[in-house]
Amino acid sequence: MGNREWIARDLRVLWHPCTQMKDHERLPLVPVRRAEGAWLEDFDGRRYLDAISSWWVNLFGHANPRIARAVAEQAARLEHVLLAGFTHEPAVRLAERLTALAPDGLARCFYADNGSSAVEVALKMSFHYWRNRGEPGRTRFVNLSNSYHGETLGALAVGDVALYKETYEPLLMRPVTVPSPDCFGVPRAEWDAHAERLFAHMEAALERHAGEVCAVIVEPLVQCAGHMRMYPPSYLRLLREACDRHRVHLIADEIAVGFGRTGTLFACEQAGIRPDFLCLSKGLTGGFLPLAAVLTTEEVYAAFYDDYETLRAFLHSHSYTGNPLGCAAALATLDIFAEEPVLERNRALAARMGEATAAALADHPHVGEIRQTGMILAIELVRDRARLEPYPWQERRGLRVYRHGLERGVLLRPLGNVVYFMPPYVVTEKEIDLMVEVAAEGIDLATRD
Ligand SMILES: *Cc1c(COP(=O)(O)O)cnc(C)c1O
């Protein structure tokens, strides 16, 4: 069977995520038969360079043989066992590895099975910590504008991307939302000053609300789903210091930026800070399986540790909590980080990405900004470059870039009018050049009229 048959069968029975299904009357689905390295292959034999790591999950290439072997061996030995009352080797080993790699003091690991549930865990744990400590009046969370933390109701509530959130607003708890330190349009040399200025809003919110707040939740350095908007580590240092001063938790959602995306293993390292909760998922398994981990401190753990009758335990679970296959994939992923100079190699790839993009697009009349943090590079399309005036979203300029990419064999999936690259770390310099070339062509076509 070729593409056509699979598309027809799919459209009879499936409902796809993040999709207006009517779009597929004109926009063909891409049925993928196999994948290897940075490349996907469809049922007609056409290949696509995966410039976005299949929604940011893939780190070391599709069907990576080493991770595939680890999963297969684990599946033949123990595919799953409940993690309440029982334990297993991959869960223990992975918790040991993660707590050793994470910023000092994050000594406890709680598993969940996707990014949104990790965020739910962190929110519930923070609230419950304060309750156990005799402060049940802390019921609110502080978040940043333009943030994204997932799409289950709790995670959606602490996010701020209107496209995903607005419809469900009546169902959601209300966070205290503070303007993001997003540095769009600010020259790099002024990022710290900008972030410091914007921090005044956070300080004011904490001053006003600290007594009713459980935690501040942020995506360190890059608001990925929020159009890859970026800010400097100095903001995180100020935030850590203010959270301590006001006695509220800091939740770092590194679901997208963790595992080397920003240039360091974890983005928080660049600020030299330790959050109270670190949420991990996406790249955790190298893109093989859904798994998430929430790391926290011994101090948080201790607030739940008591006689059963005190009813202080954290009674949260998912059926597949700590699934052995996911843990095995994660361990193999961490082995690659341990044995290969991944971050060093990424520095060279990131530099190539930056240079090639600047050469192709820096002077483009409809490119308002090219920004980059490590292996994440974003190109903001604008109607008017001088005034950074955006294109109306209804024009769906990014979709034109997406279509052109597919025609030319590169998977780009712009976020609105922001074209970005977040490739797997096995991408070559030649593939980067192709990715940039096709994106530049697509941008030309998409901004012609
Ligand atoms: C993707 C993402 C999530 C949600 O993870 P899912 O596995 O898609 O539920 C949460 N936070 C951030 C920052 C993300 O990028």
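List every residue whose amide H lies under 5 Å from the amide H of residue 367, counting only residues 5 or more places away in sequence or on a different chain, with H placed 1.01 Å from N in the peptide plane.
382
Ordered by residue, what ³J(HN,Hα) values in Hz, to whole numbers, does the range 268-283 give under the Karplus form 6.51 cos²θ - 1.76 cosθ + 1.60, where θ = phi - 60° and Gly and Pro are x?
Rounded to whole hertz, the list is 4, 4, 5, 9, x, 10, 10, x, 7, 9, 10, 9, 10, 6, 6, x.
Give the long-range amide H neighbours of residue 377: residues separated by 5 or more places, or on another chain, with amide H under 5 Å away, using H modelled in the peptide plane at 1.01 Å from N.
421
What share of Cα pairs, in percent, lie more than 19 angstrom apart in the range 65-212?
Counting every Cα pair in the range 65-212, those more than 19 Å apart make up 69 percent.
Under 5 Å between amide hydrogens, which residues at least 5 positions from residue 229 or on another chain qualify, with H placed 1.01 Å from N in the peptide plane?
223
Calculate one ³J(HN,Hα) per residue across the range 115-128 by plugging θ = phi - 60° into the Karplus curve 6.51 cos²θ - 1.76 cosθ + 1.60, and present them in order as whole Hz with x for glycine and proline.
x, 4, 5, 5, 5, 4, 4, 4, 5, 5, 5, 5, 4, 5
When the solvent-accessible surface of protein heavy atoms is calculated with a 1.4 angstrom probe, in what order do 124, 165 fall, highest first?
124, 165
Limiting things to C-alpha atoms, what are the Rg and the maximum Cα-Cα separation (Dmax) for the chain, in angstroms?
Considering the chain through its Cα atoms, Rg and Dmax are 21.9, 69 Å.
Give the peptides 127-135, 147-155 in descending order of average Cβ contacts within 10 Å, highest first.
Top of the packing list down: 147-155, 127-135.
Over the chain, average the accessible area per residue using a 1.4 Å probe and give it in Å², no decimals.
Solvent-accessible surface per residue comes out at 45 Å².
State to the nearest 20 debye the size of the charge dipole of the range 1-153 about its Cα centre, where the only charges are +1 on K and R beta carbons and -1 on D and E beta carbons.
The dipole magnitude comes to about 260 debye.
Can you return the lysines within cross-link range of residue 282? Criterion is Cα-Cα under 25 Å, with same-chain partners fewer than 8 residues away left out.
Output for residue 282: 124, 165.
So for the chain, taking the charge dipole from beta-carbon charges (+1 Lys/Arg, -1 Asp/Glu), which of 343, 401, 293 sits furthest toward the positive end?
Of the listed residues, the answer is 401.
Dipole magnitude of the range 67-339 about its Cα centre, charges +1 at Lys/Arg Cβ and -1 at Asp/Glu Cβ only, in debye to the nearest 20?
The calculation lands at about 180 debye.
At residue 133 and residue 308, where each label point lies 7 Å from the Cα along Cα→Cβ, what is the point-to-point distance in nanometres?
2.8
Which sequence of 109, 268 reflects their accessible areas, 1.4 Å probe, from the largest down?
Of 109, 268, the descending order of accessible area is 109, 268.
Of all accessible surface on the chain at a 1.4 Å probe, what whole percent is carbon and sulfur?
Percent of accessible area from carbon and sulfur atoms in the chain: 54.
Sorting 57, 436 by accessible area (1.4 Å probe), largest first, what list results?
Heavy-atom accessible area, descending, gives 57, 436.
Rank-order 192-199, 83-90 by packing density, defined as the average count of other C-beta atoms within 10 Å over each peptide's residues, highest first.
So the order, starting with the most tightly packed, is 192-199, 83-90.
Return a whole-number percent for the relative contact order of the range 67-339, with Cα pairs under 8 Å and 6 or more residues apart as the contact set.
In percent, rounded to a whole number, it is 28.
The values are calculated or read from the model by the stated rules, or taken from the named source; none is laboratory data. Everything numeric in this text was worked out from a predicted model, so none of it was measured. Note that each Cβ is placed from the backbone with ideal geometry, even for glycine, and that neighbours are counted across all protein chains shown. Areas reflect the complete protein model, heavy atoms only, side chains present, ligands, DNA and RNA absent. Shrake-Rupley method; radii C 1.70, N 1.55, O 1.52, S 1.80 Å.
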